[in-house]
Amino acid sequence: MSPDSAESSPSSSRDWFFPSPSFIHSTSNSPQSPNYPRKFSTIPRHSRSSPTDWKPPKTSTFRSVSSSGSAAYGDQKYGRGRRRIELIRRIEKTAKQEKEDPVLEQKRDVSKAVSGVKTAIGEMGIRVLGQRVKIRWQMASYIAILFTAFGSLVHKNFSLRNQVIDLQDQISTMNIRLQACNTSDTFDTISILQESDHLSSKGLKILALTVSIALLSTPLFVFKYIDYISKFRSAYNCSEKVSLNKQLEYRVDVLLSVHPYAKALALLVATLMLICLGGLALFGVTDDSLADCLWLSWTYVADSGNHANSEGMGPRLVSVSISFGGMLIFAMMLGLVSDAISEKLDSLRKGRSEVVEQNHTLILGWSDKLGSLLNQLAIANESLGGGIVVVMAERDKEEMELDIAKMEFDFRGTSVICRSGSPLILADLKKVSVSKARAIVVLADDGNADQSDARALRTVLSLTGVKEGLRGHIVVELSDLDNEVLVKLVGGELVETVVAHDVIGRLMIQCARQPGLAQIWEDILGFENCEFYIKRWPQLDGMQFEDVLISFPDAIPCGVKVASRGGKIILNPEDSYVLQEGDEVLVIAEDDDTYAPGALPMVWRGSLPGDFIVPKLMEKILLCGWRRDMEDMIMVLDAFLAPGSELWMFNEVVESERERKLIDGGLDLSRLVNITLVHREGNAVIRRHLESLPLESFDSILILADESVEDSAIQADSRSLATLLLIRDIQAKRLPYREAMVTRGQRGSFSQGSWIGEMQQASDRSVIISEILDPRTKNLLSMSKISDYVLSNELVSMALAMVAEDRQINDVLEELFAEEGNELHIRLAELYLHEGEELSFYEIILRARLKREIIIGYRLANAERAVINPPNKNERRRWSVKDVFVVISEKE
């Protein structure tokens, strides 16, 4: 068949087979293999219809074939091969023209679309000036047209590229089949298949590179669009106050603020996007697989130095870009981790972390009583090897820890944990494990009493609102007695109250009537010596209380908690009372693990010296200053003092105003039986005002923290200290010279002309009790010994610590402080024994039971302090009538 006939007859080419150019090139230099299997296939239908129009393009492979095997074409044997080659050239030329024509058409479409977009934008600018209402919709439509045109062009580009790839695949397939028909080598066929796979993968790589570039440029277009929209709105819409940029910034800020893990999640997403985009870009510029490119992208992100091994311009550009992004992500990760660590350390420093403790003592609030309270709790927990005390207040944690570190006492193994927070917020209460605390102490704030009690009431409400419930009890310090009922009403059975103002006032009255009693109270309330404990001893069931008194070698029984009466504590019960099952014994002991009942000793009771009754003498007492609970103090004094006693009131309050305040406080002046009120008006820190008073004639002088300055402890103490010094100086000047010399000879502590020595002389004439709020001022006055005793908030701290350790003790303290019931007394030894009589302490206890009194200690005539719960109670010793005993007895 001739070449002309092949071109003129379309049907004759239907069963033709085309050799691959590479195959022809190879077969022209190598012998054919007759044993190679032949494969046959028809030419595609679109190539059969018009073979004259479909001219294959000339390729470099065929050019090489024509140059290397020109001699073969001259031979008639290879005529058929020449016709086939010419047909292939026509087919490839036709494919090339078809490939170039859509590209030109695409360029023309792009230029037309761009010119159309430019025309549309120009028209839009003109219309904006006239029609401001349609601006947004027109802008959106033009942008949509632009994106549609761009999308259509991209779509056409990809479709044309796919067609070209399909044509190349078809040509490759036909070449492979032509090689098979001409019996090519097996190895040549494999190389052709690999070349075909390479051509198909090349298209994928170009697509991957295009996608990665498009995704990288998308954020830029989005930001530009947002910025353009924001400027457009601000320029043509004056009512638009918030730009789109600010709205997006606000949304991002809210997202990062509300969700704690948003920053870490955004960093993770950015890292994954960088790895994926980098992997696609590497896949487009290298010959590696997609999985290898993704792994290589991760190595560039993790270590920016790995890109140094890249070869070629494309891989180097991509690797440098990925490494640069990896450095940015690494910097953001460092900042995120640094911020998280700093925030956590700042949270720990400021006391925002949760306390994971149980059976701890929780103190809510901060006041000047905290130091004494911590000291007492540390002493109480010493027998347990130390405890845990958590303090939460509205102060900085570092400041609290610094103030506690300055406290000059040994914590004895007790750990103090500080946290910043408000007791009115349930989240802060949960932070200190309030539901697992064995005791909760609510301290009163320094300042106004009503405001302090109101805050304590709100704190109790917050504590009762804890969903988990409370394991321990609540000890609330109040400033005003009138608010006690309201707090107990809110807290119910969980609350125990200690009214600091009332406790100090009652202790001042008792100590003024019985000098030396304040030291006894300090020993009993504090944990350093002996204190109250309640415990059940089954071996004592069925025993009378008289025998129980001498059953404890290391403790002194004081009362019984009666189980049959709902757990009521009876102080100083009758000797005939028999302990029942469930009853508990109240004792005074050094610690809860230092005492136990022993064998019942043989004790000789004996008899009292006689029916000696201590007469109640009229007293003259001076009150300097004005307290909020003055009416309560007057009623207590009226119950304690003998008939005919006088109570002088010296302060700056006008007399008519005093009566009004007393009546408003609930005092009925007409019902005062034993005392007569004497009013004097003046300033207690002005000497001439004090000199108008008969200071040398008073049996007791009580210097009160004045109501006008009680909000400031330092100012109140300064005023009390000035009043004390002035009174002692005036008394010293009014003493007769002979008595002064005698007193000076007895004291001998200071020089004859010293002012403090003269004040000590005056202290023998009358008892002065000073109310001091700051414990540091109290230590100063105690060392100077110019005041018989100083009562301060330290005693209130002791009471709070004791009630916190055992809430039952609060009932005992309330009875000892009340006007009725039992109280502490200091009795002369002559009431129980004769001069020089040898008795054991057990025998004196049994003699006191004849007067229904319980002796808890003694003070020898030549001793400065009393001994509570003495050891060796069964040991005999010689006593003097000048000795005194500390007893618990009913109020006279």
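When every alpha-carbon pair in the range 819-891 is counted, what percent end up more than 17 Å apart? Walk me through the intermediate numbers first.
Numbers: 1007 of 2628 pairs.
Distances greater than 17 Å cover 38 percent of the Cα pairs.
Using the heavy atoms of the protein chains and a 1.4 angstrom probe, tell me the accessible area per residue for the range 819-891 in square angstrom.
On the way: 3170 Å² over 73 residues.
I get 43 Å² per residue for this part.
State the percentage of accessible surface on the range 819-891 attributable to carbon and sulfur atoms; use a 1.4 Å probe and exclude ligands, DNA and RNA.
43 percent
Determine the order of TRP604, TRP648 by accessible area, beginning with the largest, at a probe radius of 1.4 Å.
Largest to smallest exposure gives the sequence TRP604, TRP648.
Accessible area per residue of the range 351-493 at 1.4 Å probe, in Å²?
Here the residues of the range 351-493 average 43 Å² of exposed surface.
On a 1.4 Å probe surface of the protein chains, which of ASP541, ASP883, ASP428 comes out largest in accessible area, and what is the full order?
Descending accessible area places them as ASP541, ASP428, ASP883.
Around THR464, what is the net charge, scoring Lys/Arg as +1 and Asp/Glu as -1 over all other residues with Cβ under 13 Å from its Cβ?
Residues near THR464 contribute +1 overall.
What order do ASP523, ASP368 take when sorted by accessible area (1.4 Å probe), most exposed first?
Details: ASP523 10, ASP368 50 Å².
Final ranking, largest accessible area leading: ASP368, ASP523.
In whole Å, what is the distance between the alpha-carbon centres of the range 359-392 and the range 564-635?
Between the Cα centre of the range 359-392 and that of the range 564-635, the gap is 28 Å.
Mind giving me the FRET efficiency for ASP664 and ARG349? R0 is 56 Å, r the Cβ-Cβ distance, nearest 0.05 is fine.
After rounding, the FRET efficiency stands at 0.70.
Report TYR225's accessible area, 1.4 Å probe, all protein chains in place, as a number in Å² to the nearest 10.
110 Å²
Pairs of lysines 8 or more apart, or on different chains, with alpha carbons under 28 Å: count those in the range 351-493, would you?
Value for the range 351-493: 19.
Which value in nm describes the separation of the simple spin-label points at VAL254 and TYR142, placed 7 Å from the Cα toward the beta carbon?
Label-label distance for VAL254 and TYR142, simple model: 3.2 nm.
The values are calculated or read from the model by the stated rules, or taken from the named source; none is laboratory data. As the structure is a computational prediction, the values presented were derived from the model and not from experiment. Note that we place each Cβ from the backbone using ideal geometry, even for glycine, and neighbour counts take in every protein chain shown. Side chains are part of the model used for accessible areas, which takes the heavy atoms of the whole protein and leaves out ligands, DNA and RNA. Shrake-Rupley method; radii C 1.70, N 1.55, O 1.52, S 1.80 Å.
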